[in-house]
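Every number in this text was worked out from the coordinates using simple rules, so none of it is lab data. Note that this is a predicted model, so its numbers are computed, not measured. Cβ sites come from the backbone with ideal geometry, for glycine too, and all protein chains shown count toward neighbours.
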Amino acid sequence: MHILFRIINKAIEALLVLIFGLLVIDVVWQVVSRYLIGQSSSFTEEFARFALIWLTVLGAAYINGSKEGHLSMDFLLAKLSPEKQRKRLKVIQVLMALFALVVMVIGGGNLMYTVLKLGQISPALLVPLGYVYAIVPISGLLIIFFSIYHLTITLNPNRNEH
C-alpha cells in the first residue's frame, strides 16, 4: 500500500506542477496580449479560473496525503498521551474520509452528473463544465484513499510497512 501511496502522491504532484505551469503561461499570455497587442485573448480568463479550481481542490487532496501543509491547532492534542493522540488522529481521519465521501464524492458527483446531463458548456473554451467539476469527486476519492492509508499505516504502531 505504501508503494501505491507514493505513486499516487508523485502523480498528483506532477499534475499540480503542470497545472500551475499552464496557469503561469496563461496569465503571462493574457498580460502580453493585453498590453502589447492591445486586445486580450478570450480564453485566458476562463482557463485561469478552471486551472485555479483544479489547483485548489487537487492541492487539498495532495496536502491531505502528505499531512505536512494543513493548518491545525494541536496545542490540546500535544497535551495528550501518545496513545490518546493516535486515537484522536484516527477519529480525525475517519471524519475527513466521511466528509470527502458525502460532500465531495456524492455531492460533487451529483453536481458533475447534473451539469453534464444539462449539457452546460463554457463560453470561451467550449468545454463541458462537468469535466471542470469532475475534480471534486476525484479529489474526494483521493482524500478517502489517503485517510485509509494514514489509518492503516501511519497511525498503527504495530505496522512496519511505512
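For this structure, a couple of remarks:
- Note: the chain, Cα convex hull, 119 Å³ per residue.
- Angle in degrees between helix 82-99 and the longest Cα principal axis of the chain, rounded to the nearest 10: 40 degrees
- Cα-based Kirkwood hydrodynamic radius, the stretch 10-69, one decimal, Å: 12.5 Å
- For the chain, the number of Lys pairs with C-alpha atoms closer than 23 Å, counting only pairs eight or more positions apart or on separate chains, is 7.
- Close amide H pairs (under 5 Å, H built 1.01 Å from N) link I121 with L129, residues at least 5 positions away or on another chain.
- A protection proxy built from the mean count of other Cβ atoms within 10 Å ranks the segments 21-29, 130-138, most packed first, as 130-138, 21-29.
- Whole-number D in µm²/s for the stretch 40-97 (Stokes-Einstein; Kirkwood sum over Cα pairs; 37 °C, 0.692 mPa s): 231 µm²/s
- Note on the chain: helix-only mean residue ellipticity at 222 nm, from DSSP H runs of 4+ residues weighted -39500 (n - 2.57) and normalised by residue number, equals -21500 deg cm²/dmol.
- When only alpha carbons of the stretch 94-144 are considered, Rg and Dmax amount to 12.1, 41 Å.
- In degrees, nearest ten, helix 44-66 long axis to first principal axis of the chain (Cα): 10 degrees
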